[in-house]
Amino acid sequence: MTTFGEIVEPTSRTAWEDWDDIENRIDSHISKLVWEKDVPVPGQIENLFILEGNYLSECVKSQTHLKLQLIDSIPEVNLNIFNAVGTINYFVTVKYYNLVLSSEIVECLKGYLKVARNVVALQTKPLPEFQTSVLTNQDCIIRTLSTTLPVSIDIKYPKLEQPNIISGISAGVLSLREHLDMSCVAIICFVEQLEEVHEVKTLLEKFNIVRNVNTKPANVLDSNLYI
């Protein structure tokens, strides 16, 4: 008899894993995530950009040409949503949040996700996390995952190969938009050192998030700390 493919319960509590009791130990002080202002969702959004992580969050907020207006926020998870004044483009920034809360954060964004024509989720990951059988000396590898219905924005990067995966808010947003039969693309930038990667800045310039790829968005970007 084999146990392959079966669920085998541990014989004692000495075999418990760290995540077994995670609901009682992580962010227990946060009962429910709610928007501070509870602003009505706009009737129309052309492009909704979701920038996940410290680098991308600081980058978009440092660009004065966007003339960003803060619409609403959830301070507990460092979630902010901005409107680029004079446009129907919106930007969501989120950093230093607990991965366990990803689904709840996506639920908070659901109203915006339902009305947006295009949704583009961007995240950065350390280069060593990219798994490939082909040796490469690149300092930046950009990959994408898309819904069945493609976005109307021209994005030409290779598809993320297995066994690589994405997680967090980008993954949740992509799944929800697929379920709604709406378009979305998740762009994952695997990088060695963000502040030195020209490809990431060029990508942000393509979306008009930055104007000058030679300009550093903020002092915080001078470090190697990123999510």
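Only the coordinates and a few stated rules stand behind these numbers; no lab work does. This is a predicted model, so every value here is computed, not measured. Cβ sites come from the backbone with ideal geometry, for glycine too, and all protein chains shown count toward neighbours.
Other residues whose C-beta falls under 13 angstrom from the C-beta of C108 contribute a net charge of -2, scoring Lys and Arg +1 and Asp and Glu -1. Beta bridges per DSSP, both residues in the stretch 33-222: antiparallel share near 45 percent.
How much net charge surrounds K67 when only other residues with a Cβ under 14 Å from its Cβ are counted (Lys, Arg +1; Asp, Glu -1)? So the surrounding residues net to +2. Ordered by the number of other Cβ atoms lying within 10 Å of each residue's own Cβ, fewest first, R143, R117 fall into the sequence R117, R143.
A simple rule links phi to the HN-Hα coupling: the Karplus curve 6.51 cos²θ - 1.76 cosθ + 1.60 with θ = phi - 60°, which for the stretch 81-86 gives 10, 10, 10, 7, 3, x Hz, with x for Gly and Pro. Hydrodynamic estimate: the Kirkwood radius of the stretch 114-201 over Cα pairs, inserted into Stokes-Einstein at 4 °C and 1.567 mPa s, corresponds to D of 94 µm²/s. Projected over every direction and averaged, the convex hull enclosing the alpha-carbon atoms of the stretch 33-222 yields 10.6 nm².
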